[in-house]
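Everything below concerns the one structure shown next.
The values are calculated or read from the model by the stated rules, or taken from the named source; none is laboratory data. If you're wondering where the values come from, they're calculated on a predicted model, not measured in any experiment. All Cβ positions, even for glycine, are placed from backbone atoms using ideal geometry, and neighbour counts span all protein chains on display.
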Amino acid sequence: MKIPTTLNMIQQLIAIPSISCNDPKIDQSNQAIIDLLATWCNELGFKCEIMPIPNYPNKFNLLATLGSGEDGLVLAGHTDTVPYDINSWQFNPFKLTEQDNRLYGLGTSDMKAFFALALTAIEQLLANDIKLQRPITIIATANEETNMAGAKALINKQKSKYALIGEPTGLKPIRMHKGIMMEAIILHGKSGHSSDPNLGNNALEGMYKVIGELSSWREQLQTKHHNSAFKIPIPTMNFGYIKGGDNPNRICADCELHIDLRPLPGMNLTELRSTIRQLVNKSLQNTGLDIKFKALFGGIPAMETPANSDIVQFTERLTKHPAEAVAYATEAPYLQALGMQTIILGPGDIEQAHQPDEFIFVNRLQPMIDILTKLIIHYNK
């Protein structure tokens, strides 16, 4: 029963590229990362299942379980990283570099280092002959940075009661985050000479009505929904992209708008998308414009773990920080859907995620190992 040192594991994980991207020319398999984690888990006595992700060749999840029974603890994270711009990096993204109390490398903070810390904590507990009364499961997923395909594929795969996701939170527990969805609205009218509006049907003017309708709805949402735990305590909707027309002297035949909506916990993505489409259709009644919708991003639900849940209260005591709420989204809603009380807590910093010269502080490693050790013991009684 021997796995590499913590730093060596981080070094090996960082050295393996595992970028997920919607551009197939950039997208990479995560199989090598999954195989490496499975090797280390096998060394510790875990039973490992490597799960192919349906409809995504060369993408895999790892479900590694030590012990048996129900009501166990899941330690979860994603194995993929975002793309990088080599010209913006001072350090080699795939070579772990230690400098000034920092470990530099793509995925150090978000979030490959977490797996090394989790395995180190488990190895030390086993070395001290800790007998497991309940199972520990490590879940390593694919495609978190693009479409959550790995997390979505976990349906009916777990019976654990508690879960910790090691996303970068600066060692502070997170119990709530907003959701996200993105929608395209595409209008098609008829072009014609601008000197006579009757010659065409202006899609750009139609989109003006759409934006007005959706802006009014946004005000209603922000009046109705409020959660003071969030820095931005209201749902947000951004008009992020618009394209239409080709020349000032031609009636605009085509116009496309992209929006980003970030709901609070308790707001249903399916209902929100349905309302958007109803409002657009309503605003364009009798215009003769052709209307199409496209879900640019199906969405990630908002999540909330109750403040009085055991894992929230225990991690608050461990970290001496009250659980917080954040605007970014994670895989937590999919673990919650499996019946797990879920907390987000990791050693990295969200400010480092997706940034050139990404790093994690060296002095965060041992505190995270200590938190994981105490968490495992707590849920092993």
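Residues in the range 187-210 that are among the aliphatic types (A, V, I, L, M) and buried (at least 17 other Cβ atoms within 10 Å of the Cβ): Leu187, Ala203, Leu204, Met207, Val210.
Is it true that Ser274 is at pLDDT 95 or above and either farther than 21 Å from Ile343 by Cβ or in contact with a helix residue (DSSP H, G or I) (Cβ under 7 Å, 6 or more places away or on another chain) (or both)? So Ser274 passes the test. In the set (1) without any contact (Cβ under 8 Å) to a residue 60 or more places away in the chain; (2) touching a strand residue (DSSP E or B) at 6+ places or on another chain (Cβ under 8 Å); (3) under 30 Å from Arg175 (Cα atoms); (4) surrounded by 13 or more Cβ atoms within 10 Å (Cβ to Cβ), Gly245 fails one condition alone, (3).
Among all positions in the range 87-102, there is no residue which is within 23 Å of the chain's Cα centre (by Cα), among the basic types (Lys, Arg) and assigned to a loop (DSSP other than H, G, I, E, B).
Of the strands (runs of 3 or more DSSP E) lying entirely inside the range 323-378, those carrying at least 3 residues that are more than 21 Å from Val74 (Cβ to Cβ) are 359-361.
Taking the listed residues Leu36, Leu62, the one that is touching a strand residue (DSSP E or B) at 6+ places or on another chain (Cβ under 6 Å), aliphatic (A, V, I, L, M), closer than 27 Å to Ala127 by Cα and modelled with pLDDT of 95 or more is Leu62, with no other qualifying. Total residues in the range 20-49 satisfying the condition of being over 22 Å from Leu117 (Cβ atoms) and either of a type in the set (A, V, I, L, M, F, W, C) or part of a helix (DSSP H, G or I) (or both): the figure is 3.
Residues being among the charged types (D, E, K, R), crowded, with 22+ Cβ neighbours inside 10 Å and not assigned by TED's automatic domain parsing to the domain that holds Arg277 are represented in the range 160-171 by at least one member. The residues of the range 217-248 that are of a type outside the set (S, T, N, Q), more than 23 Å from the chain's Cα centre (by Cα) and within 30 Å of Ser194 (Cα to Cα), listed by number, are Ile242, Lys243, Gly244, Gly245, Asp246, Pro248.
Checking the range 42-51 against the condition returns a match, with at least one residue being assigned by TED's automatic domain parsing to the domain that holds Glu123, under 30 Å from Leu296 (Cβ atoms) and either modelled with pLDDT of 95 or more or among the polar types (S, T, N, Q) (or both). Candidates in the range 248-276 are the residues that are without any contact (Cβ under 8 Å) to a residue 60 or more places away in the chain and of a type outside the set (S, T, N, Q); of these, the one that is nearest to Gly298 (Cα to Cα) is Glu271.
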